[in-house]
Amino acid sequence: MLYAFGFERVGVFVSDLFFVNPRPEKGQEGAERGVRLELRVLGREPLKGGIYSAQPIVVDQPIWRVDLLESVDSPPGSLDRAHHHPAFDGWEPGSRFFVPELSAAPVEWLAGQLADLAGVLDRAGVGADVAGAGDAAALRASAPEILDVVRRLLARVAAGELGRPDDDRDLVSARIGWL
């Protein structure tokens, strides 16, 4: 499931996620499930028809990522692998940062980050001009709705409805989810 919140020049995207054995070389063996949130650059392409045609929208370069993940072998809601990537190198995420608050109080931690777009952009090494003039205020105003989506997706992952393989096939390596 994918949720999108678009503002002037940036957007927030939230999705459930499932990985099969994502990083065995890093000591994180076994499947992971959870919710991913990304801040991305948005763009508008020229209309491909008349004034009433659908607006082509580009979801472009990632800026910041939060992974509210847990090992499938852990109790639902443990978020024992929750982390964030403050910056990207092109399309590749930078280093993982494990912040205790992400596991203990993820929604509250996210609320603080969403209220500080300038800080998020600064930590990402992205110029403030990536965002539009009204993006910070629009993001702050939409934060309660975004956080509600995160809560609902986390609850559905914990209930086993989302963040899981689509069927019973034996998966060796997979990433299932929009983000």
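The values are calculated or read from the model by the stated rules, or taken from the named source; none is laboratory data. Given the structure is predicted, the values throughout are model-derived calculations rather than measurements. Cβ placement follows ideal geometry from the backbone for every residue including glycine, while neighbour counts extend to all protein chains displayed.
Mind counting the residues in segment 95-116 that are of a type in the set (S, T, N, Q), over 14 Å from the mean Cα position of the chain (by Cα) and surrounded by 12 or more Cβ atoms within 10 Å (Cβ to Cβ)?
The total comes to 1.
Note down all Cβ pairs under 9 Å where the first residue falls in segment 7-19 and is more than 17 Å from Arg44 (Cα to Cα) and among the small types (Gly, Ala, Ser), the second is at pLDDT 95 or above and assigned to a strand (DSSP E or B), and they're at least six residues apart or on different chains.
The qualifying pairs are Ser15/Leu2; Ser15/Tyr3; Ser15/Val35; Ser15/Arg36; Ser15/Leu37; Ser15/Glu38.
Given the options Val41, Val66, Val58, name the one that is among the β-branched types (Val, Ile, Thr), modelled with pLDDT of 90 or more, surrounded by 19 or more Cβ atoms within 10 Å (Cβ to Cβ) and in contact with a Lys or Arg (Cβ under 9 Å, 6 or more places away or on another chain).
Answer to the check: Val66.
Inside segment 136-159, can you point out the residues that are β-branched (Val, Ile, Thr) and either farther than 22 Å from Val10 by Cα or touching a helix residue (DSSP H, G or I) at 6+ places or on another chain (Cβ under 9 Å) (or both)?
Let us first name the residues in segment 136-159 that are β-branched (Val, Ile, Thr), namely 146, 149-150, 157.
Answer for segment 136-159, where residues must be β-branched (Val, Ile, Thr) and either farther than 22 Å from Val10 by Cα or touching a helix residue (DSSP H, G or I) at 6+ places or on another chain (Cβ under 9 Å) (or both): Ile146, Val150, Val157.
What pairs can you find where one residue is in segment 111-127 and free of Cβ contacts under 8 Å to residues at least 12 places away in the same chain, the other is part of a helix (DSSP H, G or I), and their Cβ atoms are less than 8 Å apart, with a gap of 6+ or different chains?
Gly119/Gln113; Asp122/Ala128; Gly127/Leu121
If you take just the strands (runs of 3 or more DSSP E) that sit entirely in segment 1-116, which of them hold at least 3 residues that are farther than 19 Å from Asp148 by Cβ and of a type in the set (A, V, I, L, M)?
57-71
With Leu147, Leu121, Leu47 as the choices, which residue is touching a Ser or Thr at 6+ places or on another chain (Cβ under 8 Å) and more than 20 Å from Arg175 (Cα to Cα)?
Being touching a Ser or Thr at 6+ places or on another chain (Cβ under 8 Å) and more than 20 Å from Arg175 (Cα to Cα) holds for just one of Leu147, Leu121, Leu47, which is Leu47.
Could you check segment 117-155 and list, in sequence order, the residues that are within 16 Å of the chain's Cα centre (by Cα) and either closer than 16 Å to Val41 by Cα or not in a helix (DSSP H, G or I) (or both)?
Within segment 117-155, Leu117, Val120, Leu121, Ala124, Leu139 meet the criteria.
Which residue out of Asp166, Asp73, Asp80, Asp89 is of a type in the set (D, E, K, R) and either modelled with pLDDT of 95 or more or farther than 19 Å from Leu17 by Cβ (or both)? Lay out the reasoning, then the answer.
Details: Asp166 fails: either modelled with pLDDT of 95 or more or farther than 19 Å from Leu17 by Cβ (or both); Asp73 fails: either modelled with pLDDT of 95 or more or farther than 19 Å from Leu17 by Cβ (or both); Asp80 fails: either modelled with pLDDT of 95 or more or farther than 19 Å from Leu17 by Cβ (or both).
After ruling out the rest, the residue left standing is Asp89.
Residue under question is Leu179, and the condition is that it be under 15 Å from the mean Cα position of the chain (by Cα) and at pLDDT 95 or above; does it hold?
No; evaluated as a whole, the condition is false for this residue.
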